[in-house]
């Protein structure tokens, strides 16, 4: 049994939250929203947590992913101050990265195929952190996997997901960078196919347009959605979203 999760996204670049569009990181600009008058991560988490009662967030530390100075201290401080849960993508690529991130006490560590060097890192992460604390991000662009792993370059996404399951991965994110920041809406046939093939938790990242998209994800037994643009620009009404979250949190289902 599992509750469906609706998780706000924070992309942090140069220590501020930015509006991500299609993975084109050189074009990212400071996040602006009617909800808060700042792009400071602290202010945004404070508003979303204290005013709108969000307790879990997805954070992409783009500085770490791009091998700049990571925002690790800021992120740990946010967790400690607000008692929130974080799904953190900090650009893990090596075993050394796993050892470093294990010291932060973060429950949900994201390992992205975009930055991962080899399958051995996944095995190390599972051994060190346990499969409950690992989420594999299936990074794509127009449904083509983005990866440095030679064994994956000629594989279909279905084949890759099956390999990950056999390794012990039980949680994945389907993240198509082309869909990020664009509110394209809908659930692709690929995502529905993977939902039928993978027995673990699957989260959808990128492209969420409205409450109907969220409901479709729920109805099709996905574990949750990551939302950014449609939440921050007001396309998704925050009170209606809160009502939907309450509805999901007071019901249970089999997945």
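Does the range 198-215 hold any residues that are part of a helix (DSSP H, G or I) and either at pLDDT below 95 or under 17 Å from the mean Cα position of the chain (by Cα) (or both), and which are they?
Those that are part of a helix (DSSP H, G or I) and either at pLDDT below 95 or under 17 Å from the mean Cα position of the chain (by Cα) (or both): 213, 214.
Does residue 86 qualify as being in contact with a strand residue (DSSP E or B) (Cβ under 6 Å, 6 or more places away or on another chain), surrounded by 20 or more Cβ atoms within 10 Å (Cβ to Cβ) and in a loop (DSSP other than H, G, I, E, B)?
Considered against the rule, which asks whether it is in contact with a strand residue (DSSP E or B) (Cβ under 6 Å, 6 or more places away or on another chain), surrounded by 20 or more Cβ atoms within 10 Å (Cβ to Cβ) and in a loop (DSSP other than H, G, I, E, B), residue 86 comes out as no.
Suppose we filter 194, 164 for residues that are under 30 Å from residue 233 (Cβ atoms) and at pLDDT 95 or above; which single one remains?
Working: 164 fails: under 30 Å from residue 233 (Cβ atoms).
Exactly one of 194, 164 is under 30 Å from residue 233 (Cβ atoms) and at pLDDT 95 or above, namely 194.
For the structure I just gave you, tell me whether residue 100 is more than 27 Å from residue 167 (Cα to Cα), in a helix (DSSP H, G or I) and either free of Cβ contacts under 8 Å to residues at least 60 places away in the same chain or within 18 Å of the chain's Cα centre (by Cα) (or both). Write out each step before concluding.
Details: more than 27 Å from residue 167 (Cα to Cα): no; in a helix (DSSP H, G or I): yes; either free of Cβ contacts under 8 Å to residues at least 60 places away in the same chain or within 18 Å of the chain's Cα centre (by Cα) (or both): yes.
For residue 100, the condition - more than 27 Å from residue 167 (Cα to Cα), in a helix (DSSP H, G or I) and either free of Cβ contacts under 8 Å to residues at least 60 places away in the same chain or within 18 Å of the chain's Cα centre (by Cα) (or both) - is not met.
Kindly indicate which of 53, 81 is in a helix (DSSP H, G or I) and either buried (at least 22 other Cβ atoms within 10 Å of the Cβ) or at pLDDT 90 or above (or both).
81
So, in the range 182-202, of the ones that are within 21 Å of residue 122 (Cα to Cα) and in contact with a helix residue (DSSP H, G or I) (Cβ under 9 Å, 6 or more places away or on another chain), which residue ends up surrounded by the most Cβ atoms within 10 Å (Cβ to Cβ)?
By that ranking, first place goes to 202.
Determine which member of the set 160, 109 is touching a helix residue (DSSP H, G or I) at 6+ places or on another chain (Cβ under 6 Å) and more than 22 Å from residue 13 (Cβ to Cβ).
Every option except 160 fails the conditions.
What are the residues in the range 89-102 that are in contact with a strand residue (DSSP E or B) (Cβ under 6 Å, 6 or more places away or on another chain) and farther than 23 Å from residue 55 by Cβ, if any?
Looking only at the range 89-102, we keep the residues that are in contact with a strand residue (DSSP E or B) (Cβ under 6 Å, 6 or more places away or on another chain), and these are 89-90, 92, 101.
92, the sole residue that qualifies.
If you scan the range 165-181, which residues turn out to be touching a helix residue (DSSP H, G or I) at 6+ places or on another chain (Cβ under 7 Å), buried (at least 20 other Cβ atoms within 10 Å of the Cβ) and not in a strand (DSSP E or B)?
169, 181 - these are the residues of the range 165-181 that are touching a helix residue (DSSP H, G or I) at 6+ places or on another chain (Cβ under 7 Å), buried (at least 20 other Cβ atoms within 10 Å of the Cβ) and not in a strand (DSSP E or B).
The values are calculated or read from the model by the stated rules, or taken from the named source; none is laboratory data. Only a predicted model underlies this, so the values are computations on that prediction, with no experimental measurement involved. Using ideal geometry, Cβ is built from the backbone for each residue, glycine included, and neighbour counts are taken over all protein chains shown.
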